[in-house]
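Novice: Provided herewith is a single structure, encoded as structure tokens, for subsequent inquiry.
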Amino acid sequence: MTIPPPRTHTPAVRAPRIEDYALIGDMQTAALVCLDGSVDWTCLPRFDSPAVFAGLLGTHEHGSWGIAPAVPDGVPAPYADRCRYVGDSLLVESEWDTKTGTVRVLDFMPPRDGHGPQLIRIVEGVTGTVDMTSALAPRFGYGRWVPWIYDQDGRTAAVSGRDALWLDTSVRGEEKDGAVHHSFTIAAGARVAFTMSWQPSHAPAPEVPDAEAALKETAAFWETWAAQLVYDGPYRDAVVRSLITLKALTYAPTGGIVAAPTTSLPEDLGGVRNFDYRYVWLRDTAVTLSALLRTGCRDEAVAWRQWLLRTLGGDPENLQIMYRLDGRREMPERELDWLPGYENSSPVRIGNGAVDQLQLDVPGEVIEMLALAHELGVARCENTERLILRLVGYVRRHWRMPDDGIWEVRGARQHFTHSKIMCWVAVDRVVRLVEQGVLDADLEPLVALRAEIHAEVCARAYDRERNTFTQSYGSKELDASLLLLPQTGFLPADDPRVIGTVDAVRKELAPDGVLVHRYRTDGRQVGMDGFSGDEGAFFLCSFWLVDALALTGRLDEAEALFQQLLTLRSDLGLLAEEYDPVKKRQVGNFPQAYSMLGMGNSAVRLHALRKAASVAVIAA
């Protein structure tokens, strides 16, 4: 692994790059482990619970747990010399080479089986001897509350309000300044386990975990899950890491999938574009499930379908774009003024004010995913069929309205082109299902509605002079979501209007030809999205460009672009929401489900199109 250069900051200030973190999780929550051995973000017991380690959005004083080779006081912990995932899993191994020996730390969170969340860290001596330190400093309530720390029967408890953490290890420790400190020496072949368990503070102490047994069970879980993946083409490492990450972001009890496990990692370093992504977006989840379905993961699709039915119930008229993990609707947005934010990017927000937005593309995304599930053999469901008909009825009643669009702009509503095209997709897929005998509905009005939407979009959203569709009706602006046009079937991929749109978006929104921005921003001015400042290029949009080039017949160009994008992954194969091409680093919430599925989808699509091209050549 390439080790970043030394940083010039005071020891108390956290300044790792976003891509310096590894993701571990148990499919109910997650933790981010830095290359310096510090766990700087964990919400317990769920993804959307308050963080107990919030150092990622501030300093060590806002909560962290560091395990690393000992260094003099005031010296930052060293970065690991090597870090990797163990096979196709979420187990992370970090190794440090020191003057006296080499040490390895293995971090993981066991999938829950009748127990609460656990974070297990096993320290193993590889060669020689290494002096080690552990400093566990939980801060409950997003870094705000210092717990009461005490010893009970040789176990360490940290309690604050309704929450309690229990630390078990064979090493003697001491409490100081609201943290639990351990110093020890590890020799070659020796192993020392630290296990942290969460429990409601009013409940009895949890059982002492068996770290070695949990390690074997966790490794077996991921090995078994990864074995079902059917993809075996080029870039398999990228595809599998994408799918494992998407699985890790699934909330197992309900089947919902969070957009990211973090909040307020900035889209603009030092800026205000900081949002909470620890919720279930219908659009993101639908597209995520499509990626999982295409690679053999049917159980996740069935679980999400049940989540969807429970969440929407019989009331799609009050459709929200996002929900809580368990289907609840409320997520009021507020700011945490005691947290300075990642690299002083404030405000830090929890909740999400976009929850009440109107985004007319969402029914199309959901219907398309449900239609794909049927196409790939997921058993028919009468309740799902009724939901699809209700959703297309929603589209029929609302498609003419302006909306807030796929990018959740907080400016004035517009007639966004992508939203209208996805309304067409919703109707088109229902027409197909009726024609196949899957749905029972009157076909004639659906066909007429499909034609009406198509005609209006072509008349009002297409700029004949520039040969491109535009961001919204009558606008001259472009939008990266237009790159999805070749995938929708709205027009043939070789239609000159489609090719012209792809080329225009690339020219205007990807100045370097590789990294695509969502739309133009206006720096210090408040733009059409309601925010000042700029933002990085969106990884997802860049993968959409890969797909668009491939689908419009430029396969070699698409593959070259894809390979360039792969070089921007973290050393562990992870992607945040965006990439800052000026500072040359990842920005935004991390890891981002949308970015990871974009990477996986592009790899699978490139492989399929290359195979089809080869077959065509042979046939000719």
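The values are calculated or read from the model by the stated rules, or taken from the named source; none is laboratory data. These numbers come from a predicted model, not from an experiment. When we count neighbours, we look across all protein chains shown, and the Cβ atoms used for this are built from the backbone with ideal geometry, even at glycine.
Novice: Here are the criteria: (1) at pLDDT 95 or above; (2) over 27 Å from E408 (Cβ atoms); (3) more than 23 Å from the chain's Cα centre (by Cα). Tell me which single one L572 does not satisfy.
Specialist: Every listed condition holds for L572 apart from (3).
Novice: I would also like to ask the following. Out of the residues in the stretch 475-518 that are free of Cβ contacts under 8 Å to residues at least 40 places away in the same chain, in a helix (DSSP H, G or I) and touching a Phe, Trp or Tyr at 6+ places or on another chain (Cβ under 8 Å), which is farthest from E557 (Cα to Cα)?
Specialist: Across the stretch 475-518, the extreme among qualifying residues is R497.
Novice: Considering only residues that are touching a strand residue (DSSP E or B) at 6+ places or on another chain (Cβ under 8 Å) and in a loop (DSSP other than H, G, I, E, B), which ones fall in the stretch 224-273?
Specialist: L249, V258, A259, P261, T262, S264, L265, P266, E267, D268, L269
Novice: Okay, next question. Can you confirm whether N318 is surrounded by 22 or more Cβ atoms within 10 Å (Cβ to Cβ) and farther than 19 Å from M369 by Cα? It would help to see each step written out before you state the result.
Specialist: On the way: surrounded by 22 or more Cβ atoms within 10 Å (Cβ to Cβ): no; farther than 19 Å from M369 by Cα: yes.
No: the conditions fail for N318.
Novice: Within the set of pairs 6+ apart or on separate chains, which have a first residue in the stretch 371-392 that is touching a residue at least 12 places away in the same chain (Cβ under 8 Å), a second that is assigned to a loop (DSSP other than H, G, I, E, B) and of a type outside the set (V, I, T), and C-beta atoms under 7 Å apart?
Specialist: From residues that are touching a residue at least 12 places away in the same chain (Cβ under 8 Å), the pairs are H374/R380; E385/L439; I388/L439; L389/L439; L389/A441.
Novice: Between V355, V438, V378, which is part of a helix (DSSP H, G or I) and aliphatic (A, V, I, L, M)? Show your work before the answer.
Specialist: Numbers: V438 fails: part of a helix (DSSP H, G or I); V378 fails: part of a helix (DSSP H, G or I).
Matching residue, one of V355, V438, V378: V355.
Novice: Between D107, D113, D131, which is of a type in the set (D, E) and either surrounded by 18 or more Cβ atoms within 10 Å (Cβ to Cβ) or under 26 Å from L574 (Cα atoms) (or both)? Full working, then the answer.
Specialist: Working: D113 fails: either surrounded by 18 or more Cβ atoms within 10 Å (Cβ to Cβ) or under 26 Å from L574 (Cα atoms) (or both); D131 fails: either surrounded by 18 or more Cβ atoms within 10 Å (Cβ to Cβ) or under 26 Å from L574 (Cα atoms) (or both).
After applying the criteria, what remains is D107.
Novice: I want to confirm something. Restricting to the stretch 423-441 and keeping residues that are under 14 Å from A371 (Cα atoms) and under 28 Å from the mean Cα position of the chain (by Cα), which single residue is surrounded by the most Cβ atoms within 10 Å (Cβ to Cβ)? Show your work before the answer.
Specialist: Taking the stretch 423-441 and keeping what is under 14 Å from A371 (Cα atoms), we get 425-439.
Remaining after also requiring under 28 Å from the mean Cα position of the chain (by Cα): 425-426, 429.
Values: V425: 25, A426: 30, R429: 23.
So the residue we want is A426.
Novice: Give just the number: which of (1) at pLDDT 95 or above; (2) small (G, A, S); (3) at positive phi does G437 not satisfy?
Specialist: Result: G437 fails condition (1) only.
Novice: Considering the stretch 333-342 alone, what residues qualify as being under 21 Å from the mean Cα position of the chain (by Cα) and outside any loop (DSSP other than H, G, I, E, B)?
Specialist: Y342, the sole residue that qualifies.
Novice: If I ask for residues that are closer than 16 Å to C34 by Cβ, modelled with pLDDT under 95 and of a type in the set (G, A, S), which ones from the stretch 65-111 would you list?
Specialist: Selection gives A77 alone.
Novice: Next question. Picking from R162, R172, which residue would you name as being over 33 Å from the mean Cα position of the chain (by Cα) and more than 18 Å from V39 (Cβ to Cβ)? Even if it seems obvious, please write down each step before you answer.
Specialist: Numbers: R162 fails: over 33 Å from the mean Cα position of the chain (by Cα).
Being over 33 Å from the mean Cα position of the chain (by Cα) and more than 18 Å from V39 (Cβ to Cβ) holds for just one of R162, R172, which is R172.
Novice: Within the stretch 458-471, track down each residue that is out of contact with any strand residue (DSSP E or B) (no Cβ under 8 Å at 6 or more places or on another chain) and farther than 13 Å from V502 by Cα. Even if it seems obvious, please write down each step before you answer.
Specialist: Of the stretch 458-471, the ones out of contact with any strand residue (DSSP E or B) (no Cβ under 8 Å at 6 or more places or on another chain) are 458-460, 464-467.
Scanning the stretch 458-471 gives C458, A459, R460, R464, E465.
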